[in-house]
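The values are calculated or read from the model by the stated rules, or taken from the named source; none is laboratory data. None of these values were measured; they are calculated from a predicted model. Cβ placement follows ideal geometry from the backbone for every residue including glycine, while neighbour counts extend to all protein chains displayed. Note: areas computed on protein heavy atoms with side chains; ligands, DNA, RNA excluded. Shrake-Rupley method; radii C 1.70, N 1.55, O 1.52, S 1.80 Å.
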Amino acid sequence: MWISWWLWPLVALCTGDQFRDEAERIMRGTPVIDGHNDLPWQLLTMFNNQLQQEKANLTSLAQTHTNIPKLKAGFVGGQFWSAYTPCDTQNKDAVRRILEQIDVIHRMCQMYPETFVCVTNSTGIRQAFREGRVASLVGVEGGHSIDSSLGVLRALYHLGMRYLTLTHSCNTPWADNWLVDTGKDKAQSKGLSDFGQSVVKEMNRLGVIIDLAHASVATMKAALRLSKAPVIFSHSSAYSLCRHQRNVPDDVLQLVNQTGSLVMVNFYNKYVSCQEEATLSQVADHLDHIKKVAGAGAVGFGGDFDGVSRVPSGLEDVSKYPDLVAELLRRQWTEVEVRGALADNLLRVFEAVEQVSDHTQTPEEEPIPLDKLEDSCRTKYGYSEAPSFHHRPGALLASLTTTLLGLSLL
């Protein structure tokens with residue numbers, strides 16, 4: 001049937017409404033689980049984590065990508081809130097800072113129990129869906145936050161941490177970050193050091209998801225090959241579409257496919273278009289590419305809202321997820337694929353991590369070598385009582401022989 005040219009805009013509008021309506025129908029049953037949101041950092045920088053201030057009210061919070069009405073409009077049903085402390089806290093007060101950021105996430109749940117419920121497992125997420133609340137999980141961004149301590153890693157797990165980003169934009173003494181691939185940082189661990197491998201193994205044992213956003217390619221590959229459980233990239237996009245080293249190259253995407261892992265696409269303009277401006281359609285291009293290379297089961301959303309300065313046109317805040325889902329439907333994604341990207345892929349990964357975890361297994365115990373740590377602000381308790389950590393066996397034997405000979409001469 002021939003349609004007059006002036007009717008085409010109306011047809012397009014009706015079709016657009018159809019996809020949006022379909023998106024909302026799907027999201028009522030399967031709300032989005034987003035991999036990374038920096039609202040806790042905004043609460044620190046704007047209010048010093050004083051949530052009872054009038055302007056900090058999350059029902060009316062302005063000048064942020066995220067507040068309660070926007071979360072509801074965006075059908076957000078699960079959120080990994082980022083507990084983040086910058087790299088300049090490394091070897092200083094990183095542990096204290098990260099404890100404070102975990103605390104503010106817990107207090108969000110306490111102050112707004114009708115909206116948020118803090119959960120620590122996949123069962124808790126599904127229960128939150130049924131209750132119509134936002135399942136709130138702690139993701140610790142940056143391995144410097146554990147201060148190279150397996151004990152701190154375990155303590156953060158007990159406080160609710162369910163993923164750890166191995167690096168931020170700095171090396172740790174045991175893992176290399178993405179700036180190594182730009183030449184701005186030097187590789188120290190060539191991926192993961194021996195201690196870094198112990199961190200990965202302990203995360204598997206505990207049931208902490210390994211997050212490779214911000215990692216160097218060598219660190220990505222080392223962790224993907226070592227981990228017994230699938231991993232995630234909580235907020236990264238496709239390198240082939242935007243050649244920024246924070247994104248994931250195709251050979252790594254192939255490892256993502258082989259390991260059943262997950263890439264949760266970042267919305268930051270510079271990682272989407274490699275320019276100052278970007279569009280919702282370009283974000284969908286990244287989702288398409290990852291689906292093509294790594295499979296539909298490897299795709300998720302990791303918007304990085306409130307952690308970036310510029311977001312795409314059409315994705316101005318967390319209320320806009322249905323528009324992105326409508327675009328995927330317009331591109332002929334199936335309902336199963338859409339539900340996977342929204343939540344099911346992350347739940348599958350989380351459940352696999354939980355199945356691999358084994359708290360009856362002996363924990364990793366060997367500390368990082370003392371000479372790998374900056375010691376300007378450190379005490380050395382433990383190391384001073386355990387010479388094998390910082391003396392070569394031959395040197396220790398020579399020292400002991402000299403002592404015994406001295407005694408024989410007395």
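Cβ-Cβ under 9 Å, sequence separation 6+ or interchain: first residue in region 35-49 and over 26 Å from ALA341 (Cα atoms) and touching a residue at least 60 places away in the same chain (Cβ under 8 Å), partner in a helix (DSSP H, G or I) and open to solvent by 20 Å² or more (accessible area, probe 1.4 Å). Which pairs?
That search, which allows pairs on different chains as well, returns LEU44/ARG97; LEU44/GLU100.
Looking at region 124-131, is at least one residue over 23 Å from GLU24 (Cβ atoms), out of contact with any Cys (no Cβ under 9 Å at 6 or more places or on another chain) and not in a strand (DSSP E or B)?
In the first step, residues of region 124-131 are kept if they are over 23 Å from GLU24 (Cβ atoms); the result is 124.
Subsequent filtering for residues that are out of contact with any Cys (no Cβ under 9 Å at 6 or more places or on another chain) retains none.
The answer is no; no qualifying residue exists.
For the structure I just gave you, tell me whether LYS228 is farther than 25 Å from PRO312 by Cβ, open to solvent by 10 Å² or more (accessible area, probe 1.4 Å) and assigned to a loop (DSSP other than H, G, I, E, B). Before you say what the answer is, go through the steps one by one.
Values: farther than 25 Å from PRO312 by Cβ: yes; open to solvent by 10 Å² or more (accessible area, probe 1.4 Å): yes; assigned to a loop (DSSP other than H, G, I, E, B): yes.
Considered against the rule, which asks whether it is farther than 25 Å from PRO312 by Cβ, open to solvent by 10 Å² or more (accessible area, probe 1.4 Å) and assigned to a loop (DSSP other than H, G, I, E, B), LYS228 comes out as yes.
Step by step: first the residues of region 101-123, then only those that are crowded, with 16+ Cβ neighbours inside 10 Å and free of Cβ contacts under 8 Å to residues at least 40 places away in the same chain, then the one that is nearest to the chain's Cα centre (by Cα). Which residue is that?
Filtering first and then ranking leaves VAL119.
Restricting to region 277-333, what's the tally of residues that are of a type in the set (Asp, Glu), at negative phi and within 20 Å of the chain's Cα centre (by Cα)? Can you show your working first?
Residues of region 277-333 that are of a type in the set (Asp, Glu), as a first pass: 277, 285, 288, 304, 306, 316-317, 323, 327.
Pick out the ones that are also at negative phi and you get 277, 285, 288, 316-317, 323, 327.
Applying the additional criterion that residues be within 20 Å of the chain's Cα centre (by Cα) yields 317.
Summing the residues that are of a type in the set (Asp, Glu), at negative phi and within 20 Å of the chain's Cα centre (by Cα) in region 277-333 gives 1.
Filter region 236-250 down to residues that are part of a loop (DSSP other than H, G, I, E, B) and either open to solvent by less than 10 Å² (accessible area, probe 1.4 Å) or among the hydroxyl-bearing types (Ser, Thr, Tyr) (or both), then give me how many there are.
From region 236-250, those part of a loop (DSSP other than H, G, I, E, B) are 236-237, 239-247, 249; that's our starting set.
Checking the rest, the ones that are also either open to solvent by less than 10 Å² (accessible area, probe 1.4 Å) or among the hydroxyl-bearing types (Ser, Thr, Tyr) (or both) come to 236-237, 239-240, 242, 246-247.
Count: 7.
Within region 270-281, can you find the residues that are buried (at least 23 other Cβ atoms within 10 Å of the Cβ) and part of a helix (DSSP H, G or I)? Steps first, please.
Within region 270-281, the subset buried (at least 23 other Cβ atoms within 10 Å of the Cβ) is 271-272, 278.
Correct list: TYR271, VAL272.
Provide a single number: the residues in region 125-156 that are open to solvent by 50 Å² or more (accessible area, probe 1.4 Å) and touching a helix residue (DSSP H, G or I) at 6+ places or on another chain (Cβ under 7 Å).
Count: 2.
Give the residues of region 69-84 that are out of contact with any His (no Cβ under 8 Å at 6 or more places or on another chain) and at negative phi, sorted by residue number. I'd like the intermediate steps shown before the answer.
Step one: filter region 69-84 for residues out of contact with any His (no Cβ under 8 Å at 6 or more places or on another chain), giving 69-79, 81, 83.
Those that are out of contact with any His (no Cβ under 8 Å at 6 or more places or on another chain) and at negative phi: PRO69, LYS70, LEU71, LYS72, ALA73, GLY74, VAL76, GLY77, GLY78, GLN79, TRP81, ALA83.
For region 149-166, indicate whether the set of residues that are under 18 Å from LYS372 (Cβ atoms), touching a Ser or Thr at 6+ places or on another chain (Cβ under 8 Å) and of a type in the set (Ser, Thr, Tyr) is non-empty.
no
Select, from LEU287, LEU253, the only residue that is more than 21 Å from GLU22 (Cα to Cα), at pLDDT 95 or above and either hydroxyl-bearing (Ser, Thr, Tyr) or surrounded by 21 or more Cβ atoms within 10 Å (Cβ to Cβ) (or both).
Values: LEU287 fails: more than 21 Å from GLU22 (Cα to Cα).
Going through LEU287, LEU253 in turn, the sole match is LEU253.
Can you name the residue in region 157-198 that is in a helix (DSSP H, G or I) and under 25 Å from ILE33 (Cβ atoms) and, of all such residues, is most open to solvent (accessible area, probe 1.4 Å)?
Here is the first cut: in region 157-198, the ones in a helix (DSSP H, G or I) are 157-158, 178-182, 194-198.
Next, only the ones that are under 25 Å from ILE33 (Cβ atoms) stay: 157-158, 178.
Numbers: TYR157: 34, HIS158: 140, TRP178: 33 Å².
Checking each candidate, the answer is HIS158.
Can you tell me which of (1) among the β-branched types (Val, Ile, Thr); (2) more than 19 Å from the chain's Cα centre (by Cα); (3) not in a loop (DSSP other than H, G, I, E, B) is the one ILE98 doesn't meet?
Result: ILE98 passes all but (2).
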